[in-house]
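Remarks on the structure that follows.
The values are calculated or read from the model by the stated rules, or taken from the named source; none is laboratory data. Please read these numbers as outputs of a predicted model, since none were measured by experiment. In this analysis, Cβ positions are derived from the backbone assuming ideal geometry, glycine residues included, and neighbour counts consider all displayed protein chains. For the accessible areas, the whole protein counts, side chains as well, though only heavy atoms, and no ligand, DNA or RNA atoms are used. Shrake-Rupley method; radii C 1.70, N 1.55, O 1.52, S 1.80 Å.
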Amino acid sequence: MRIVVGVCGGIAAYKVVGVIRTLVLQGHDVHVIPTDEALRFIGAPTLEAISRNPIATDLFDGVAEVKHVALGQSADVILIAPATANTIAKLATGLSDNLLTNSVLASTAPLVIAPAMHTEMWQNPATQHNVATLVDRGAHIVWPESGQLTGSDVGVGRLAEPEVIVDAVTAATGPKDLAGKTVVVTAGGTREPIDPVRFIGNRSSGRQGVALAEAARDRGADVVLIGANLEVPPPIGIEFAPVSTVAELRDAVVSRATGADIIVMAAAVSDYRPVNVAETKMKKDAVGDAVSIDLTANPDILAELGAQQHPRPVLVGFAAETEADADALAALGAGKLERKNADLIAVNRVDEGRGFGAADNEALIVASGGRIVATVDGSKRVVADAILDAALEVQR
Ligand SMILES: Cc1cc2nc3c(=O)[nH]c(=O)nc-3n(C[C@H](O)[C@H](O)[C@H](O)COP(=O)(O)O)c2cc1C
């Protein structure tokens, strides 16, 4: 593929070197357009050496080749990383005052934008409005991450990791094999209240479910994301239904199951809930040193959906397990699939640094009879695409 990479003037410009290097090693023909400001942060020789192509910056260079439109017209995909608030604003309003913005305007190729900036700049309503405008026009946003920023401050705005950006480029140019299909995804972790301030919950951040919703959206599906207490924002361009308890999640899924083609139950749901929920905060003085809370079973949503008569949506469940052995994990997945009458189970190993809250995931995708359809180890996006591939295969 011919990939045009726009680089803007932010500290994170140095990180794009890793992205360009990976794209070149994957065999792509990469042409870099740094803005003038980008070249104050990173040197032209680095970008030329890594991309193995001369860079283009000046709007008035190569006028005979009509470079200001030729680069954009010839691109199979345009990636802008890091994208500054300034360039995002220009793109949202259609300004074309430098080679990069001209190239974007002259192109019909998919546009992937990886913003990076301080939290205040990112959260500014002007930036958020501009990003939403670009999403409405079909741009693919690689959402900035939370973490340490340039100074001592911490917050959302950090450029996504290079492998996440590369995955987004691949996804943006990938097949629209879910066009015309409706995919329902549950994500996050349920909370069962004990009293007005305490709950029984779990460590799920919702990242895997959000990655599934993004992947399905990028592949052309109409997506409904039912999110329980997500730690990450829901993606733009989908229908989002926030819930908290298992009962709420059940009602949301069941009401959307009719008409769905694929349901992926990635949320971690509580098997039990307190029988009685205290109306006021339980005080230590009143309850004493030893407390017992009576629990009752929650509805088994996966089994309820699995019991529906065919034709029903392809049903994908998740099993978070702590076994280390792959055969044991596969057997647990096969057992769950059988009990719930699901079509696929994604079994992922969870322990310190794996699964919950992490950027990466490892999963075995098990089909009926215990057949292992795929073993995936990578970003949650890579795992999401593998699950959707498997679901499509079951549907055929
Ligand atoms: C040290 C420094 C760091 C900056 N980092 C960022 C950044 O991370 N994100 C951003 O949107 N702007 C950042 N800016 C501001 C941009 O450089 C400025 O808006 C510039 O006009 C962007 O030009 P461009 O969009 O054409 O690359 C930074 C400026 C300075 C001086």
Review point. Using unit Cβ charges (K, R positive; D, E negative) and no other charged atoms, how large, in debye to the nearest 20, is the dipole of the range 222-306 about its Cα centre?
Key: 220 debye
Exercise for review: For PHE199, enumerate residues with amide H under 5 Å from its amide H, sequence gap 5+ or separate chain, H modeled in the peptide plane.
Suggested key: ILE194
Practice item. With the full set of protein chains in place, find how many percent of the accessible area of the range 204-317 is carbon and sulfur; take the probe as 1.4 Å. Key: 49 percent
Exercise for review: Tell me the label-point distance for the pair GLU120, ASN276, using the 7 Å Cα-to-Cβ offset, in nm and rounded to one decimal.
Suggested key: 5.1 nm
Review point. Counting only residues 5 or more places away or on other chains, whose amide H sits under 5 Å from the amide H of GLY6 once H atoms are built in the peptide plane?
Key: ILE33, LEU79, ILE80, ALA81
Exercise for review: Counting only heavy atoms of the protein chains, get the accessible area per residue of the range 306-352 (1.4 Å probe) and round it to a whole Å² value.
Suggested key: 50 Å²
Study note, to complete from the structure: Largest first and rounded to whole Å, the semi-axes √(5λ) derived from the alpha carbon gyration tensor of the range 203-336 read 30, 20, 16
Practice item. Give me the accessible area per residue for the range 194-293, probe 1.4 Å, as a whole number in Å². Key: 51 Å²
Study note, to complete from the structure: Helix-only [θ] at 222 nm, the chain, -39500 (n - 2.57) per DSSP H run of 4+, per residue, nearest 500, equals -10000 deg cm²/dmol
**Study point:** Efficiency of FRET between ASP61 and ALA324 - r from beta-carbon atoms, R0 45 angstrom, step 0.05
**Key:** 0.20
Check your understanding: Where in the range 250-280 is the amide nitrogen less than 11 Å from a point lying 7 Å along the Cα-to-Cβ axis of ALA297?
Key -> 272
Check your understanding: How far is it, in nm, from the label point at GLN128 to the one at ARG2 when both lie 7 Å from their Cα along the line to the Cβ?
Key -> 3.9 nm
**Study point:** Out-of-range pairs (alpha-carbon distance over 25 Å; input LYS15/LYS176; LYS90/LYS181; LYS15/LYS90)
**Key:** LYS15/LYS176; LYS90/LYS181
Check your understanding: Which whole-number percent gives the relative contact order of the range 75-150, counting Cα pairs below 8 Å spaced six or more residues apart?
Key -> 37 percent
**Study point:** Length-normalised contact order for the chain - Cα pairs under 8 Å, 6+ apart - percent
**Key:** 11 percent
Review point. Relative to the longest principal Cα axis of the chain, at what angle does helix 246-257 sit, 0 to 90 degrees, rounded to 10?
Key: 60 degrees
Study note, to complete from the structure: Computed from the beta carbon distance with a Förster radius of 41 Å, FRET efficiency for ARG198 and GLU37 to the nearest 0.05 stands at 0.25
Review point. Between VAL287 and THR93, what length in nm is gained on full extension when 0.36 nm per residue of separation is reduced by their alpha carbon distance?
Key: 63.8 nm
Check your understanding: How many nm is it between the label spots at ALA44 and VAL135, if each spot is 7 Å from the Cα in line with the beta carbon?
Key -> 3.8 nm
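May I ask you to list the trypsin sites (Lys or Arg not before Pro) in the range 167-230 that are in a DSSP loop and have at most 10 other Cβ atoms within 10 Å of their Cβ?
LYS176
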**Study point:** Residues GLN26 and ASP351, FRET efficiency given R0 of 25 Å [Cβ-Cβ distance, rounded to 0.05]
**Key:** 0.20
Exercise for review: Scan the range 252-361 for trypsin sites (Lys or Arg not before Pro) in coil per DSSP, keeping those whose Cβ has at most 15 other Cβ atoms within 10 Å, and list them by number.
Suggested key: LYS281, LYS283
Check your understanding: How many percent of the accessible area of the range 12-148 is carbon or sulfur, using a 1.4 Å probe?
Key -> 53 percent
Study note, to complete from the structure: Across 20 Å bins beginning at 0, the whole-percent shares of Cα-Cα pair distances in the chain come to 26, 50, 22, 2, 0
Study note, to complete from the structure: Phi angles of the range 133-138, converted by Karplus (6.51 cos²θ - 1.76 cosθ + 1.60, θ = phi - 60°) into ³J(HN,Hα) in whole Hz with x for Gly and Pro, give 4, 5, 4, 4, 7, x
**Study point:** Per residue accessible area of the range 85-132, 1.4 Å probe, in Å²
**Key:** 42 Å²
Point to revise | Point-charge dipole on Cβ atoms (K/R +1, D/E -1) for the chain, about Cα centre, debye to 20 | key: 380 debye
